[in-house]
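See below for the structure under consideration.
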Amino acid sequence: MDFKALVSAMAPETYQKLADAVATGRWADGTALTEQQKAQTLQLVMAYQATVLKSDELFTVGADGQLIQKTKAELKKQFDNNDAIARFGHDDI
């Protein structure tokens with residue numbers, strides 16, 4: 001199986017386990033990743049983000065292989081919604 005086919009066939013649960021391992025530096029059972037495992041796991045996670053997820057979330061890999069970065073204005077627009085759960089005034093204590 002070639003690399004692209006492997007990435008395309010990967011289950012979302014497998015991707016999440018690999019992403020968690022890269023983020024923490026440990027497998028789910030607590031065993032530390034070796035340097036080679038870190039490099040290979042990171043490569044799989046980035047390839048999955050670019051080819052399967054096609055996410056536009058900040059600091060993920062886009063379909064073009066580039067890291068998604070947004071300006072402050074883009075982030076403010078993304079998170080500036082009026083659907084707040086609760087709003088409190090200064091004197092509402």
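The values are calculated or read from the model by the stated rules, or taken from the named source; none is laboratory data. Everything quoted here is computed from the prediction, not taken from an experiment. Methodologically, a virtual Cβ is constructed for each residue, glycine included, from the backbone with ideal geometry; neighbour enumeration extends over all protein chains shown.
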Q. Restricting attention to segment 2-24, which residues are surrounded by 11 or more Cβ atoms within 10 Å (Cβ to Cβ) and modelled with pLDDT of 90 or more?
A. MET10, THR14, TYR15, GLN16, LYS17, LEU18, ALA19, ASP20, ALA21, VAL22, THR24
**Q.** Given (1) in a helix (DSSP H, G or I); (2) modelled with pLDDT under 95; (3) out of contact with any Phe, Trp or Tyr (no Cβ under 7 Å at 6 or more places or on another chain), number of the condition GLN36 does not satisfy
**A.** (2)
Q.
Tell me the residue from PHE59, PHE88 that is among the aromatic types (Phe, Trp, Tyr), part of a loop (DSSP other than H, G, I, E, B) and at pLDDT 70 or above, please.
A. PHE88
Q: Starting from segment 32-50, take each residue that is over 18 Å from GLU13 (Cα atoms) and list its partners that are basic (Lys, Arg) and loosely packed, with under 15 Cβ neighbours inside 10 Å, counting only C-beta distances under 7 angstrom and pairs at least six apart or across chains.
A: ALA32/ARG26; LEU33/ARG26
